[in-house]
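For reference, the structure is listed below as structure tokens.
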Amino acid sequence: MVVGESPATCTLKAPEPVGTPGFWKNSLRRDDNPHPGQVSKASSVRLADDAWQAQLLEDSGLSRAEAIRASLLASADDTSPKRWQNPEVAVTEFAEIAVEFRRRIEKTQWASMATVDSRARPRGRLVHPVWEEPVGWLATGRHSFKAQHLGRNPYVSLAYWDQSHEQVYIECRVAWVDDDAERQRLWDLYKTKPEGYPLEQFFKAPTHPEYGLLRIEPWRIELWNFNELFAGTAPTVWRMPLE
């Protein structure tokens, strides 16, 4: 049965041969698909090439995100030479990604920040850090939910994403800064950084009791984008050297 057809108008069709494009397209529309129009792992959808990805988007009603998910599921065991031979392209010096990192964070500015609560449940929110690469800084409420989470677990994950599907993923440890001179310095720095803004929009002064300052110390930074995903190109990853 095709999704959208009523039982009264449904017509039975001869099944397409297994493995043909018609077989895979029809498998997306079966009644036993738990989410019509979406791809489940059980459907074993295989996207053979970019042309079939485009056809899937056009013919099956999948959104782009759903098509990406289908492509990833289908290529999880792909042994073709161009896909997933290397999980990442590692760089040893931050300088190798510094220019691209700065371009992307200036372009995006806002990042999603995930913390973990007392029951090990992740919680995300948008934040607006500034960077003195590779170290970052975040002005935030000193008694917020994130502050409670960080009191138990200081490790967070930051994700930058923009409309052109360029991503920066930052795994890091954060620490509160209580030194008055450093808090004043960052108060001024926030105004001058291209990705920054005047902190007066949220706090009256550097001495405001709710003005909290976090130092962001990344241990892993990943750069990736939409085109690299579909090309099977591994992301570029920098890790903080072990001391």
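At a glance:
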{"item": "Cα-based radius of gyration of segment 125-204 once divided by 2.2 N^0.38 Å, which approximates compact folds", "result": "1.15"}
{"item": "Per residue solvent-accessible surface (Å²) - segment 118-243, probe of 1.4 Å", "result": "53 Å²"}
{"item": "Segment 172-234: chymotrypsin sites (Phe, Trp or Tyr not before Pro) in DSSP coil with no more than 12 other Cβ atoms inside 10 Å", "result": "none"}
{"item": "THR233 versus GLU106: modelled label distance in nm, points set 7 Å from Cα along the beta carbon direction", "result": "2.1 nm"}
{"item": "Estimated inter-spin distance, THR92 and SER144, nm [label 7 Å along Cα→Cβ]", "result": "3.8 nm"}
{"item": "Extension gain, GLU171 back to ARG125 (0.36 nm per residue minus Cα-Cα distance, nm)", "result": "15.0 nm"}
{"item": "Cα-based Lys proximity count in segment 96-243, under 23 Å, for pairs eight or more positions apart or on separate chains", "result": "5"}
{"item": "Convex hull per residue volume in Å³, alpha carbons only, for segment 168-243", "result": "132 Å³"}
{"item": "For CYS172, distant residues with modelled amide H under 5 Å away", "result": "VAL156, LEU158, TRP219"}
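The values are calculated or read from the model by the stated rules, or taken from the named source; none is laboratory data. Keep in mind that what you see is a predicted model, and the values were worked out from it rather than measured. For neighbour counting, all protein chains shown are included, and Cβ atoms are generated from backbone atoms with ideal geometry for every residue, glycine included. SASA here: full protein model, heavy atoms, side chains in, ligands and nucleic acids out. Shrake-Rupley method; radii C 1.70, N 1.55, O 1.52, S 1.80 Å.
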